[in-house]
Amino acid sequence: MSSAHYQALESQTSDEDNEDIERRQHPNHPRSTTVKTTAPHPMVRKGAVARRRCLLPLAGGALFFIAFCYFTLSGETRITLGLGGGSEDSEEGSHRGLDSIHFRPLNESLHICSESYEDRRQFMQDKPQSDYGLLPIIYFVTPTYPRREQIPELTRLAHTLLHVPRLHWLVADDQEKCNDFLDTLLNRFGIPFTHMVSPMPIKFRNEKPAPRGVANRRAALQWLRQHNLTNGVLYFGDDDNTYDLRLFSEIRKTQRVSMFPVGLIADYGVSGPVVRRGKVVGFLDSWVAGRRWPVDMAGFAVNLEYMAQYPYVNMPYKPGYEEDLFLRSIDLQMNLIEPRGNNCTEILVWHTQTKSKKMGMVRLESKYLDERSNLGALLLNLKLMGVASTTENEGRNALISKNGKEKAHSYFLS
Ligand code: UDP
Ligand code: MN
């Protein structure tokens with residue numbers, strides 16, 4: 001196992017990414033709980049002042065200049081300047097606030113906890129490792145965060161990934177410190193991995209909805225960029241989804257950007273491309289909200305060679321629009337999309353969600369948490385996993401029973 005440490009970078013540059021984004025929440029957003037009033041976009045405000053001040057000839061000159069820029073610059077240049085995409089489709093799917101976003105290079109605070117490039121799994125899908133040597137690597141990015149369900153979710157996910165050859169698991173934890181328990185767990189699976197931490201900037205934490213899993217996905221994007229990886233496929237796989245093993249063979253074929261339906265999304269129970277004669281022509285998703293690419297994070301994969309052409313690859317902190325803006329930052333065009341999963345007829349990934357509960361609490365005096373029983377070590381493990389903690393004086397005393405009869409725990413532990 002090798003370990004690399006990046007110096008803590010300067011504080012987040014996310015302000016820059018977001019300064020041009022309307023902080024607007026859509027009332028129909030499936031995850032939004034509050035609706036704020038819409039502040040006018042800074043560019044709109046500037047425009048109004050300028051209109052008042054400018055004389056007619058000046059306005060004419062400006063118009064001519066804008067038209068000149070628009071027709072001379074390439075689509076790629078336009079997207080980096082934030083002037084919107086260069087496709088026929090851009091008019092139809094445009095959303096004013098989104099089209100004026102400025103993408104900038106990532107500069108995230110990211111710390112590597114540990115990593116391993118050695119594949120210690122012996123057999124996968126019934127064949128020895130060596131049979132898979134030439135396949136492109138799947139970089140499976142999993143944003144995760146500390147809560148009671150974190151370790152069980154990652155364990156279940158690891159047991160899926162254990163079957164998948166040629167995969168590097170980027171586990172990006174939304175917290176400041178490296179979790180040693182998670183580190184040990186990741187090492188034990190034998191899957192090549194990088195465990196990194198990159199917390200959500202404080203200012204976003206109390207927002208509703210918050211940009212969940214964005215800081216850590218951005219960190220993983222930065223890691224890919226820093227390693228100049230151009231051979232392989234990127235996939236964003238959240239820790240609570242359910243993955244069919246056939247998904248991995250499908251996404252591995254990605255030449256530029258592939259897409260496929262995701263089950264259990266919002267009102268329709270599905271989100272995914274509409275395909276005619278082998279081409280993507282639109283999207284079935286119950287929440288459009290101006291998104292040019294109304295897809296779920298788990299519904300696409302990107303070839304790294306394609307992504308490497310776009311230095312401004314980004315995922316702005318804009319809840320609900322993460323997928324759309326990421327795909328805009330790599331200048332996706334409709335005709336580039338490769339439909340997968342038997343022309344988008346199969347569900348290979350499910351947006352399962354786990355009900356979150358608060359930490360468990362076991363009331364036991366610390367004097368009993370010694371070698372006389374298993375409970376000291378067990379409760380310590382549960383604490384390290386963030387599942388349950390012990391208390392000396394809160395709530396009811398812990399019950400221990402035998403033959404259906406409850407007894408005071410001192411009876412068993414003294
Ligand atoms: N996540 C995170 N920080 C958070 C909340 C979520 O890193 O504060 C991760 C989470 O572990 C998951 C992804 O971001 O992998 C999406 O979050 P969640 O599953 O809660 O969102 P949903 O699927 O309900 O949209
Ligand atoms: Mn989820």
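The values are calculated or read from the model by the stated rules, or taken from the named source; none is laboratory data. Keep in mind it's a predicted model, so treat the numbers as computed, not measured. Ideal geometry is used to build each Cβ from the backbone, glycine not excepted, and the neighbour counts take in all protein chains shown. Protein only, heavy atoms only, side chains kept; ligands, DNA and RNA dropped before computing areas. Shrake-Rupley method; radii C 1.70, N 1.55, O 1.52, S 1.80 Å.
For the stretch 310-352, filtered to residues that are among the aromatic types (Phe, Trp, Tyr) and more than 16 Å from ligand 2 (Cβ to nearest atom), the residue that is nearest to GLU250 (Cα to Cα) is PHE326. Tallying residues that are loosely packed, with under 13 Cβ neighbours inside 10 Å and either aliphatic (A, V, I, L, M) or in a helix (DSSP H, G or I) (or both) within the stretch 358-379 yields 4. Hey, any hits in the stretch 213-230 for a residue that's assigned to a strand (DSSP E or B), within 16 Å of ligand 2 (Cβ to nearest atom) and either closer than 17 Å to GLU323 by Cβ or of a type in the set (Gly, Ala, Ser) (or both)? The answer is no, given that none of the residues of the stretch 213-230 is assigned to a strand (DSSP E or B), within 16 Å of ligand 2 (Cβ to nearest atom) and either closer than 17 Å to GLU323 by Cβ or of a type in the set (Gly, Ala, Ser) (or both).
Scanning the stretch 311-351 for residues that are part of a loop (DSSP other than H, G, I, E, B) and either open to solvent by 40 Å² or more (accessible area, probe 1.4 Å) or more than 16 Å from ligand 1 (Cβ to nearest atom) (or both) yields a total of 13.
For the stretch 115-135, what are the residues that are open to solvent by 100 Å² or more (accessible area, probe 1.4 Å), within 28 Å of the chain's Cα centre (by Cα) and charged (D, E, K, R)? It would help to see each step written out before you state the result.
Let us first name the residues in the stretch 115-135 that are open to solvent by 100 Å² or more (accessible area, probe 1.4 Å), namely 117-118, 120, 122-123, 126, 134.
If we keep only those that are within 28 Å of the chain's Cα centre (by Cα) too, we end up with 117-118, 120, 134.
Of everything in the stretch 115-135, those that are open to solvent by 100 Å² or more (accessible area, probe 1.4 Å), within 28 Å of the chain's Cα centre (by Cα) and charged (D, E, K, R) turn out to be GLU118, ARG120.
Quick check: anything in the stretch 395-413 open to solvent by 80 Å² or more (accessible area, probe 1.4 Å), outside any helix (DSSP H, G or I) and closer than 25 Å to LEU182 by Cβ? No, because not a single residue in the stretch 395-413 is open to solvent by 80 Å² or more (accessible area, probe 1.4 Å), outside any helix (DSSP H, G or I) and closer than 25 Å to LEU182 by Cβ.
Where the second residue is more than 16 Å from ligand 1 (Cβ to nearest atom) and part of a loop (DSSP other than H, G, I, E, B) and the first is farther than 30 Å from LEU157 by Cα and lies in the stretch 350-377, which pairs have Cβ atoms under 6 Å and are six or more apart or on separate chains? That search, which allows pairs on different chains as well, returns ARG363/GLY395; ARG363/ALA398; LEU364/ALA398; GLU365/GLU392.
Yes/no per residue for (1) without any contact (Cβ under 8 Å) to a residue 12 or more places away in the chain; (2) closer than 21 Å to HIS102 by Cβ; (3) touching a Pro at 6+ places or on another chain (Cβ under 8 Å):
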| position | (1), (2), (3) |
| --- | --- |
| ARG246 | no, no, no |
| GLN255 | no, no, no |
| SER271 | no, no, yes |
| LYS279 | no, no, yes |
| GLY290 | no, yes, no |
| GLN333 | no, yes, no |
| CYS344 | no, no, yes |
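Would it be correct to say that MET361 is closer than 30 Å to ASN206 by Cβ, of a type outside the set (D, E, K, R) and within 16 Å of ligand 1 (Cβ to nearest atom)? No. Taken as a whole, the structure places THR194 among residues that are part of a strand (DSSP E or B), open to solvent by less than 10 Å² (accessible area, probe 1.4 Å), over 21 Å from ALA388 (Cα atoms) and away from ligand 1 (no atom under 15 Å from the Cβ).
Residues that are in contact (Cβ under 8 Å) with a residue 60 or more places away in the chain and within 12 Å of ligand 1 (Cβ to nearest atom) within the stretch 153-171 comprise GLU153, LEU154, LEU157, listed in sequence order. Just one residue in the set ARG212, ARG218, ARG148 is in contact (Cβ under 8 Å) with a residue 60 or more places away in the chain, open to solvent by less than 40 Å² (accessible area, probe 1.4 Å) and not polar (S, T, N, Q); that residue is ARG218.
The number of residues in the stretch 216-252 that are touching a His at 6+ places or on another chain (Cβ under 9 Å) and among the polar types (S, T, N, Q) comes to 2. Counting only strands (runs of 3 or more DSSP E) that sit completely within the stretch 235-310, those holding 3 or more residues that are among the hydrophobic types (A, V, I, L, M, F, W, C) and either over 17 Å from the mean Cα position of the chain (by Cα) or within 14 Å of ligand 1 (Cβ to nearest atom) (or both) correspond to 270-276, 279-284.
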